[in-house]
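The values are calculated or read from the model by the stated rules, or taken from the named source; none is laboratory data. What you see is a predicted model; the values in this text were computed from it and never measured. Every residue, glycine as well, gets a Cβ built from its backbone with ideal geometry; the counts of neighbours run over all protein chains shown.
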Amino acid sequence: MEKLALSLIHTTRRLRRYFEAYPVKVIIDQLIKSILNNTETLGKLVKYAVKLGAYNITFIPRNAVKGQVLADFLSEAPEGEEEELYFRMLEVPLEKDDTESWTLFTDGASGPKGSGASLVLIGPSGIEYTYALRLTFPNTNNEAEYEALLAGLRIARQMNISNIEVKVDSKLVASQINGNYEASKDSMIKYLAKVKEYASGFKSFSIQNIPRNMNQKANVLSKLALVEFSHLTKEVLVEVLEERSTEGQEIHSIVEEEGDNWMTPIKRYLEEGTWPKDKNEARCLRAKISQYTMESGVLFKKGYLMPMLRYVGPLQANYIIREIHMGSCGMHIGP
């Protein structure tokens, strides 16, 4: 009985928010209720009864499983049919996003007041994402078109999209990627090579030239980004690009950690299923491994009523602290 009460105590600690906010029904086939409510209870059960008394817990006896239920289940299996065929798991159908293509509309514009680019990403179910980019480096109209396309492909890769159809109103960009036109300038050659590199990461990729009147939303967003972002709505994600996509190197992590750190045993188990060799370390890790999860190679802490928290190593933590106090956030005044 002490073990049953102790397991219930551990449950209240892990799910404290639920026990404090809602009445809880515990279905059990043991006489734990009468023992905890007994005034003559001795030992650790007294301590457990006091702690459990702080919650609204109702103990409900569990009824016995009728043997006829098992007999009815077995009688449903047809005679002469192989058990593997009858009791096999149902095939899980592929998700809609894995079988159908996403559609990407892009547009770029360059003028005396600056350069802007935009993209509209539409999923198979009709969900729509809009992005606007302000280009602070000097560029031509064709280079702005390529920047919009590369930004859209980067976002699609981060969203793990497999199939994508790109529609642009620039005949030059579509023809160069499809091989109808040949890129002659060095900048166009670099942009074309970068697009082909991104396109190779998709299961299916296609690009099509469309009239400008069929790309109105992306066209309007790109021209608004030329002036300022204050004209854009809150539903549009905005970004400022300070260097060309062909020159900048993609950063997937703040700082690459060197050597092993405290996260290494956790990552090895989540990725490879390998426990530490030391028995004490393995026992401690088993007790808390359910708190962690890996997403795209990054370690997070899970929570019931909070968003996942990202863990960083010593070098990454040092970089974040320096950025807060001396870097891009150094001029911030306030708590």
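Criterion applied to Gly123, Gly114, Gly108 was being in contact (Cβ under 8 Å) with a residue 12 or more places away in the chain and within 24 Å of the chain's Cα centre (by Cα), and the one residue passing it is Gly123. The set of residues from the stretch 290-300 being more than 17 Å from Arg13 (Cβ to Cβ) and surrounded by 10 or more Cβ atoms within 10 Å (Cβ to Cβ) comprises Tyr292, Thr293, Met294, Val298, Leu299, Phe300. Within the stretch 129-139, if we keep just the residues that are assigned to a loop (DSSP other than H, G, I, E, B) and in contact with a Lys or Arg (Cβ under 9 Å, 6 or more places away or on another chain), the residue that is surrounded by the most Cβ atoms within 10 Å (Cβ to Cβ) turns out to be Asn139.
Looking across the stretch 168-219 at every residue that is among the hydroxyl-bearing types (Ser, Thr, Tyr) and out of contact with any Leu (no Cβ under 8 Å at 6 or more places or on another chain), the one that is surrounded by the most Cβ atoms within 10 Å (Cβ to Cβ) is identified as Ser170. Counting the residues of the stretch 237-285 that are modelled with pLDDT under 70, over 18 Å from Ala317 (Cα atoms) and in contact with a Phe, Trp or Tyr (Cβ under 6 Å, 6 or more places away or on another chain) gives 2. Going through (1) of a type in the set (S, T, N, Q); (2) within 25 Å of Glu243 (Cα to Cα); (3) at pLDDT 90 or above one by one, Ser187 falls short only on (3).
Of the helices (runs of 4 or more DSSP H) lying entirely inside the stretch 1-104, the ones with 3 or more residues being modelled with pLDDT under 65 and either of a type in the set (S, T, N, Q) or surrounded by 13 or more Cβ atoms within 10 Å (Cβ to Cβ) (or both) are found at 96-99.
Ala151 falls short on exactly one of the conditions (1) modelled with pLDDT of 85 or more; (2) in contact with a Lys or Arg (Cβ under 7 Å, 6 or more places away or on another chain); (3) not acidic (Asp, Glu), and that condition is (2).
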